[in-house]
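J.: I have a structure here, written as structure tokens, and I will follow up with some questions on it.
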4 protein chains.
Amino acid sequence: MSSTFGKLLKLTTFGESHGAALGGVIDGYPAGIAIDEDFIASEMARRRPGSTSLGTKRSEADSPEILSGIYNGLSTGTSIGFIIRNTSQRSSDYSAIEHVYRPGHADAAYDMKYGIRDPRGGGRSSGRETACRVFGGALAKLLLTRHGIRVDAGVIECGGIRAEDYEWNPPFPAPLAAPDNRNLSAMIKAAEDARNESDSIGGIIECRITGMIPGLGEPVFGKLDAALAHAVMSIGAVKGIEFGSGFSASRMKGSENNDQMRTDGSRIIYLSNNAGGILGGISTGEDIIFRVAVKPTPSIAKEQLTVTDSLEETTISVHGRHDPVILPRAVPVIEAMAALTIADHLLIARAYER
Amino acid sequence: MSSTFGKLLKLTTFGESHGAALGGVIDGYPAGIAIDEDFIASEMARRRPGSTSLGTKRSEADSPEILSGIYNGLSTGTSIGFIIRNTSQRSSDYSAIEHVYRPGHADAAYDMKYGIRDPRGGGRSSGRETACRVFGGALAKLLLTRHGIRVDAGVIECGGIRAEDYEWNPPFPAPLAAPDNRNLSAMIKAAEDARNESDSIGGIIECRITGMIPGLGEPVFGKLDAALAHAVMSIGAVKGIEFGSGFSASRMKGSENNDQMRTDGSRIIYLSNNAGGILGGISTGEDIIFRVAVKPTPSIAKEQLTVTDSLEETTISVHGRHDPVILPRAVPVIEAMAALTIADHLLIARAYER
Amino acid sequence: MSSTFGKLLKLTTFGESHGAALGGVIDGYPAGIAIDEDFIASEMARRRPGSTSLGTKRSEADSPEILSGIYNGLSTGTSIGFIIRNTSQRSSDYSAIEHVYRPGHADAAYDMKYGIRDPRGGGRSSGRETACRVFGGALAKLLLTRHGIRVDAGVIECGGIRAEDYEWNPPFPAPLAAPDNRNLSAMIKAAEDARNESDSIGGIIECRITGMIPGLGEPVFGKLDAALAHAVMSIGAVKGIEFGSGFSASRMKGSENNDQMRTDGSRIIYLSNNAGGILGGISTGEDIIFRVAVKPTPSIAKEQLTVTDSLEETTISVHGRHDPVILPRAVPVIEAMAALTIADHLLIARAYER
Amino acid sequence: MSSTFGKLLKLTTFGESHGAALGGVIDGYPAGIAIDEDFIASEMARRRPGSTSLGTKRSEADSPEILSGIYNGLSTGTSIGFIIRNTSQRSSDYSAIEHVYRPGHADAAYDMKYGIRDPRGGGRSSGRETACRVFGGALAKLLLTRHGIRVDAGVIECGGIRAEDYEWNPPFPAPLAAPDNRNLSAMIKAAEDARNESDSIGGIIECRITGMIPGLGEPVFGKLDAALAHAVMSIGAVKGIEFGSGFSASRMKGSENNDQMRTDGSRIIYLSNNAGGILGGISTGEDIIFRVAVKPTPSIAKEQLTVTDSLEETTISVHGRHDPVILPRAVPVIEAMAALTIADHLLIARAYER
């Protein structure tokens, strides 16, 4: 239940950061799609530890091994199993915190839920599980590309500094995965300052889905924005999501927020895209645009008040190889979840094509 | 698929605003719960058209008829069917817009998806479908109450005016369902002004779930905040959601945003609740707090540019009995979706109790 | 969970035999299908009490009221709600058995499961719930007809007497819904004898799905025969199912049971159909053939040993208007479940069409 | 969709017989269960190629590697990933049949469905995928054992020869996994004869679930027998299933088939078990008994008529290391699917415990 995402195109995952491997199963993937392993590797590389100078210094190759569902380079239509070996496990990093709950982490919540907890690196709540999402997202993108749909994301706010005056020309470069803009160096400096202060910062990531097909999404509980919200909110550090004008829409008049329509005779031309490409939960064909609030990484070296798992008060400084800002590595994860969601709904819509 | 919500506790709905009836099925509801029909009626009354002077003047009784699953006032454990007759159908209201797409509505999206559309009032994308959600939410609340869990929501921003200096003492009174605060009259005036201008406004609703049990929610794709986001984003006019400090968290340092911990010896005392009661997707036992961006009602009398379903340019003024602000009537709907989500996860957690 | 069937095309039902109404929701039904209400009525008529001289003398009109999802005679693609009012409730019939467990019924099992039980007519385990299945099946058949697929069933064994030398020319006539054959009068007499003895009999129903499309069904856990088995075994009185040669196949050699192949140059010609139209869980395009074991109706007037719900020994004679043989009324129910299953898998297959 | 089984306890699998590995994910498994790897290995050994003198001479170790979800020998409540490397791949065995459809196999059906097919050993329709089921079933049994529930199966008919006068004292020994009975040597000889004739035989397997808890299973579409039928019919060679008296029940009178009841004052004593432990889809607490028809192995060396994938007529003799009778190796697979089903429903029932 908790480890499966999707209705027709399903990603099921397993794995903790410090076990033998992560991995999963992609089921419901169409037959006959060329599986471009170089593309998959490039997507994995965008997320992997060590991919950005702003992130963890821990480096893992994150090379997925595909175990089934591919024959002669083509998907066979059957389930695709994959594993990603953990190669940089330093469990000793975690011995100091075996019995101490890290603030901002799920340690206490897991202990209360399960009565048992793998203390090595956060177990299933580790950001490491997102490697499997990126693998699945890469396959979803291979499918979407055939339908002309692109999914891109970029950092538009970092440590409270908003990108200004930028073009949307993804993919956005390291180290921040942000569009070139006049605040870019200030945004990067915010992250570097946080690291120097043994602290961390968060920010906002925007995602745009272009080349969209109208009619994806289902009424009532199957709305496309609801599905995207589920997908993206399931990523560890995400604390909020808004579509189109989002929270700003709540401050507009109806006459401002409604996207008025004209036509060139062959299709509708929307005069604005406050809706973010989705109305009534169904894609209009306009670009889908949403923004995601990412909290600052909870693992910081700065001393904080906490308790042990036997309820004794203590303090903690989380050392180890943590990211002072997770934003650039979260970008491909958000793209992956969006791509899986759109691909899933694309298949559903095809079932009903007239 | 699109009309069913939940995993163990499931709500399936049907119905358009101008058909014979709405209704649905609640499945997976535990046996032996006293079904308080007065409470259900009071919840329905909070949402019904005509419940607030700020809303539509259309009035519907919205009396659900329970058809199964109850015996001698107790739930039997089997599926509970219900219908809500439509009594105030004025289809003639909609004849003028049969072939015109209303800006901000799903009219064009439905037409492109289905190739057919019930033009009377928005069909399945009508806000009227939320009556079934409130019915289901009322049953969920009856279950949660037995476990000491409460779900309440209130309007904390209206037309850009934020509530200030308020206590959280729900339920909040008509006409706005907002907490008493020094901006309350300005918030109400914003709605009245919008009506007088033939326009509409949106706002922000906060929801708090108190008396929470730790350990609800599942790792990875079954996170409690992801499930709540799905639930709430599936409501028509919602354009964004944030948990705890939400988008503000993205502007904090990790040392500010992490909720540090102390203890009284018997339980953890969190020194703040920036997490909004959920860490790693699992409830901590703290209050769950989220805020929801509601867009201005798209149906406005003000003239707007649009096109017909044969792609001719035209203008539209949506007359009829529409809400200039949907906020007070959205409050019980948000509570209902939150209650259904929490009740569902409560049942799931019980399956694994040690 | 328990009240929903299907993956893309979903039927969710509610209702007990002695409540106000039965009904349900059909979700995921394609848009633009002409909803032939006469056909639906004729399917309902085949199952309704009083439809056969061999069945109960209780007569119910079983007229479904469609409440949503249809506009101008066409399906709109949104969920279709329906109710069937109970008009012939004689709860007094059941007062004698309120605290007595009927042998062969689910009374004791429900009591142990739920701790509460609606004693009027078996509640959710009443055969009356199958009216909703037939309604859903009628809609499924309307969809299948457009693809040239037919689903028919007939009684091929009654009270141990097997039909011999018959043609498969459905639909089969009242009173037994069996093909014309040289044992037909003996089969009918077996049912009449059972009634005269205050007893009941069972039998075997065969179902054939013709005009099949190859490629329906999914590997491993989504096999088409597994889905059909689930569908049909969920009908109250069914105790077994076999596909193609079924239990006889277990007595054949591989060389006898394998369906050898020839070709006319344009398609495969199978020299036999021991597989029953399904290999590896996927339809071959041959007719799907399965047979269903139906137990004798448990409600009999003959005195039987039983216990009360306070565990006192007693005897029971179940009076009331029961069917001495349920076979003819089970025929349309089996067709309905098969039609829903095939239609569901047809939609799934379309999602993956190349 | 097709590769996931279960509602709360879920098994998702991947893998073909001739790829790098099989494997899967078990999700929704309770925390704190001691994972007895010796027991898992012993279950795997019962199914593995080479486990019986009557089966294939191919031998694979079938050692699963557990990759996640276990810490210090206990389940952590999170998803359990596992892989089983393929070590005895002889793809050359299959080159002769790359373009020829084997009778009784899913080759043609897969080709028509997917337009692409991994010809090495049947791909996803290979019996080899059942190794993952046995792994999942072993975990399910570890859970059921804690509740006193046992699942056992044995061969009761082989090549048309029925076991007579036997005790049910599982586990049953190699080579046939049949109970000791006066026809045992004839049953074994039938298998040996089939091998000598380059042919194969099938048979019937009985499964008994003892120590059952009443109240498992859900009404209408979630019936326990429907779920078991789905589970067992999803195994490759299975062509039929019957519960309790099954097809024989269809030849009984109601007065014979109904299980009459007495009591010892503390519980119901059923005077027979024609129902096979399930009434109305809900377990009564009596032993669950079902029988399964297994077809003869389709891979036989005897020459058969068939066609190529370019529709040319040809003949085929399937050489390689095939089982003349799959029955003894199917026994643990049937147990596994039954155990997974019962464990899943046990968890569901616990969610509703009063």
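The values are calculated or read from the model by the stated rules, or taken from the named source; none is laboratory data. From a predicted model like this one, the values you see are computed outputs, not experimental measurements. Every residue, glycine among them, receives a Cβ derived from its backbone with ideal geometry; neighbour counts consider all protein chains shown. For the accessible areas, the whole protein counts, side chains as well, though only heavy atoms, and no ligand, DNA or RNA atoms are used. Shrake-Rupley method; radii C 1.70, N 1.55, O 1.52, S 1.80 Å.
J.: Give me Rg/Rg_expected for region A:4-353, where Rg uses Cα atoms only and Rg_expected = 2.2 N^0.38 Å with N residues.
T.: Dividing the Cα radius of gyration by 2.2 N^0.38 Å gives 1.02.
J.: Now for a separate question. Towards the positive end of the charge dipole of region B:294-333, with charges on Cβ (+1 Lys, Arg; -1 Asp, Glu), say which of B:S299, B:V325, B:T315 has the farthest Cα.
T.: B:V325
J.: Taking amide H positions as placed in the peptide plane 1.01 Å from N, state which residues far from A:T314 in sequence (5 or more) or on other chains have amide H under 5 Å from it.
T.: Amide H neighbours of A:T314: A:T306, A:V307, A:T308.
J.: Separate question: Using a simple spin-label model with points 7 Å from Cα along the Cα→Cβ vector, what separation in nm is obtained for B:T87 and C:S310?
T.: Calculated label separation equals 4.4 nm.
J.: Convert each backbone phi in region C:327-344 into a coupling constant with the Karplus relation 6.51 cos²θ - 1.76 cosθ + 1.60 (shift: θ = phi - 60°), then list the ³J(HN,Hα) values in order as whole Hz, x for Gly and Pro.
T.: Result, rounded to whole Hz: 3, x, 7, 7, 4, x, 5, 5, 4, 4, 5, 5, 5, 4, 5, 5, 5, 4.
J.: Return the average number of partner chain Cβ atoms within 10 angstrom of each residue Cβ along peptide C:281-289.
T.: Across C:281-289, the average partner-chain Cβ count within 10 Å equals 3.
J.: If you don't mind, there's one more thing I want to ask. Tell me, what is the percent relative contact order of chain A, built from C-alpha pairs under 8 Å that lie six or more residues apart?
T.: So the answer I get is 22 percent.
J.: Given a 1.4 Å probe and no ligands, DNA or RNA in the count, how much accessible surface is buried by C and D, both sides, to the nearest 100 Å²?
T.: 8600
J.: Tell me the distances, shortest first, between A:G320 and the same position across the other copies, using label points 7 Å along Cα→Cβ, in nm to one decimal.
T.: Computed spacing set for this position: 4.6, 5.5, 6.2 nm.
J.: Could you size up the charge dipole of the protein assembly as shown around its Cα centre, putting +1 on the beta carbon of Lys and Arg and -1 on that of Asp and Glu, and report it in debye to the nearest 20?
T.: In total the dipole reaches around 0 debye.
J.: May I ask you to find the residues of region B:163-205 that are shielded by at least 30 Å² of accessible area once the whole protein assembly is considered instead of their isolated chain (probe 1.4 Å)?
T.: B:D199, B:I204
J.: Further question on the same structure: Of all the stretches in chain C, which is the longest one without any exposed loop site, taking GluC sites (Glu not before Pro) in a DSSP loop (any state but H, G, I, E, B) with at most 16 other Cβ atoms within 10 Å?
T.: That gives C:198-302 as the longest site-free run.
J.: Using a cut-off of 12 Å between beta-carbons, work out the net charge of the residues near D:R117 (Lys and Arg +1, Asp and Glu -1, D:R117 not included).
T.: Charge balance in the 12 Å sphere: -2.
J.: Next question. At A:A96, label 7 Å along Cα→Cβ: distances to the other copies, nm, ascending?
T.: Reported distances to equivalent positions: 6.6, 7.1, 8.1 nm.
J.: For a label point 7 angstrom out from the Cα of D:E353 toward its Cβ, which stretches of region B:312-349 have the backbone nitrogen within less than 19 Å?
T.: B:344-349
J.: Counting only other chains, what is the mean number of Cβ atoms within 10 angstrom of the Cβ of each residue in peptide A:25-34?
T.: That works out to 5 on average.
J.: Next question. Heavy atoms only, probe 1.4 angstrom, no DNA, RNA or ligands counted: give me B:S250, B:S59, B:S125 ranked by accessible area, highest first.
T.: Result of the area sort, largest leading: B:S59, B:S125, B:S250.
J.: Whole number in Å², please: accessible area per residue of region D:4-353, 1.4 Å probe, ligands, DNA and RNA not counted.
T.: 30
J.: Using only Cα atoms, locate the centre of region A:199-268 and the centre of region C:196-220, then give the distance between them in Å, rounded to an integer.
T.: Centre-to-centre distance over Cα atoms comes out at 47 Å.
J.: What are the ³J(HN,Hα) couplings of region A:313-326, residue after residue, when phi is run through the Karplus curve with 6.51, -1.76, 1.60 and θ = phi - 60°? Round to Hz, x for glycine and proline.
T.: Whole-Hz 3J(HN,Hα) from phi for region A:313-326: 6, 7, 10, 9, 10, 7, 8, x, 9, 9, 8, x, 9, 8.
J.: Follow-up. Rounded to the nearest 500 deg cm²/dmol, what is the calculated helix-only ellipticity per residue at 222 nm for chain A, with -39500 (n - 2.57) per DSSP H run of length n ≥ 4?
T.: -8000 deg cm²/dmol
J.: Round to the nearest 10 and give me the degree value, 0 to 90, for the angle of helix B:37-47's Cα axis relative to the longest principal axis of chain B.
T.: Tilt of helix B:37-47: around 60 degrees.
J.: I'd like the mean, over residues of C:262-275, of how many other protein chain beta carbons sit within 10 Å of each residue's own Cβ.
T.: Per-residue shielding by partner chains comes out at 3.
J.: Give the carbon-plus-sulfur fraction of the accessible surface of region A:4-353 in %, rounded to a whole number; probe 1.4 Å, heavy atoms of protein chains only.
T.: It is 47 percent, rounded to a whole number.
J.: How many times 2.2 N^0.38 Å is the alpha carbon radius of gyration of region D:217-301?
T.: Against the empirical 2.2 N^0.38 Å value, I get 1.31 for region D:217-301.
J.: Show the residues, 5+ positions off or on another chain, whose built amide H is closer than 5 Å to the amide H of C:I278.
T.: Close amide H contacts, sequence-distant or interchain: C:T284.
J.: Which ³J(HN,Hα) values in Hz, rounded to whole numbers, follow from the phi angles of region B:160-168 under the Karplus curve 6.51 cos²θ - 1.76 cosθ + 1.60, where θ = phi - 60° and Gly and Pro get x?
T.: For region B:160-168, the Karplus curve yields x, 9, 8, 5, 10, 6, 10, 8, 9 Hz.
J.: Also, quick follow-up: Can you name the residue in chain A whose Cβ lies closest to the A-to-D rotation axis, and give that gap in whole Å?
T.: It is A:T12, 2, counting Cβ atoms only.
J.: Between C:S266 and the same site in the other copies, what are the distances in nm, shortest first, taking label points 7 Å from Cα along the C-beta direction?
T.: When each copy's label point is compared with this one, the spacings are 3.9, 7.3, 8.2 nm.
J.: Need the per-residue list for region C:231-245: every residue with at least 10 Å² less accessible surface in the complex of protein chains than in the chain by itself, probe 1.4 Å, sorted by number.
T.: With the partner chains in place, region C:231-245 has these residues losing at least 10 Å²: C:M233, C:S234, C:G236, C:K239, C:G240, C:I241, C:E242, C:F243.
J.: Let me ask something else. When averaged across all projection directions, what area in nm² does the alpha-carbon convex hull of the protein assembly as shown cover?
T.: Hull-based average projected area comes out at 47.7 nm².
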